[in-house]
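Structure first, then comments.
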Amino acid sequence: MVKVEAIIRPQRLDAVRLALDEAGLCGMTVSDACGTGRQKGYTQHYRGTEYAVNLRQKIKIETVVADSDQEKVVIAIHDAAHTGEIGDGKIFVTPVLDVIRIRTEERGEAALR
């Protein structure tokens, strides 16, 4: 099993969620995130005062999938989130040793369904 984490533009969330649904993904966690990378920050004016915004709003998507579904999920996220501009985000894939469903105590891939 692997955990796939994606940091994407907020406006691409619906497209990514739809792509993951079409890929047959059964569960994910979505949360707000702030960060900086090559996109850096920007300067904004508020009530006549200029200030720097160093952290950009992003969305973080997390899911755990079977090894056999890893590439399908990564491709779905990439294709739906890709705009070709700086700030499209990143996808991280890390191994998962075990998953336990709390309600039924199922373990491993059985707990993912």
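Given the conditions (1) without any contact (Cβ under 8 Å) to a residue 60 or more places away in the chain; (2) of a type outside the set (Lys, Arg); (3) within 19 Å of Val2 (Cβ to Cβ); (4) touching a strand residue (DSSP E or B) at 6+ places or on another chain (Cβ under 6 Å), report the number of the one that Ala52 does not fulfil.
Against the list (1) without any contact (Cβ under 8 Å) to a residue 60 or more places away in the chain; (2) of a type outside the set (Lys, Arg); (3) within 19 Å of Val2 (Cβ to Cβ); (4) touching a strand residue (DSSP E or B) at 6+ places or on another chain (Cβ under 6 Å), Ala52 comes up short only on (3).
Tell me, yes or no, whether region 74-87 has at least one residue that is over 17 Å from Ala15 (Cα atoms) and either of a type in the set (Asp, Glu) or in contact with a Gly (Cβ under 7 Å, 6 or more places away or on another chain) (or both).
Checked region 74-87: no residue is over 17 Å from Ala15 (Cα atoms) and either of a type in the set (Asp, Glu) or in contact with a Gly (Cβ under 7 Å, 6 or more places away or on another chain) (or both).
Looking only at region 41-93, count how many residues are of a type in the set (D, E, K, R), assigned to a loop (DSSP other than H, G, I, E, B) and surrounded by 13 or more Cβ atoms within 10 Å (Cβ to Cβ).
1
Considering every residue within region 48-61, establish whether at least one is acidic (Asp, Glu) and within 14 Å of Gln11 (Cα to Cα).
no
From the list Gly37, Gly48, exactly one residue is more than 14 Å from the chain's Cα centre (by Cα), on the phi > 0 side of the Ramachandran plot and of a type outside the set (Lys, Arg). Which is it?
Gly48
Among the numbered criteria (1) at pLDDT 95 or above; (2) part of a helix (DSSP H, G or I), which one does Glu109 miss?
All conditions pass for Glu109, except number (1).
Only residues in region 73-98 that are farther than 17 Å from Gly27 by Cα count as the first member; pair them with residues that are loosely packed, with under 12 Cβ neighbours inside 10 Å, Cβ under 8 angstrom, at least 6 apart or cross-chain, and list the lot.
Ile86/Arg38; Gly87/Arg38
So which pairs qualify, if the first residue must be in region 1-18 and part of a strand (DSSP E or B), the second must be surrounded by fewer than 19 Cβ atoms within 10 Å (Cβ to Cβ) and modelled with pLDDT under 95, the Cβ gap must be under 6 Å, and the two must be at least 6 apart or on different chains?
none
Would you call Cys26 within 17 Å of the chain's Cα centre (by Cα), farther than 21 Å from Ala110 by Cβ and exposed (fewer than 15 other Cβ atoms within 10 Å of the Cβ)?
In short, no.
The values are calculated or read from the model by the stated rules, or taken from the named source; none is laboratory data. These figures come from a predicted structure and were not determined experimentally. Counting neighbours? That spans all protein chains shown, and the Cβs are built from the backbone with ideal geometry, glycine included.
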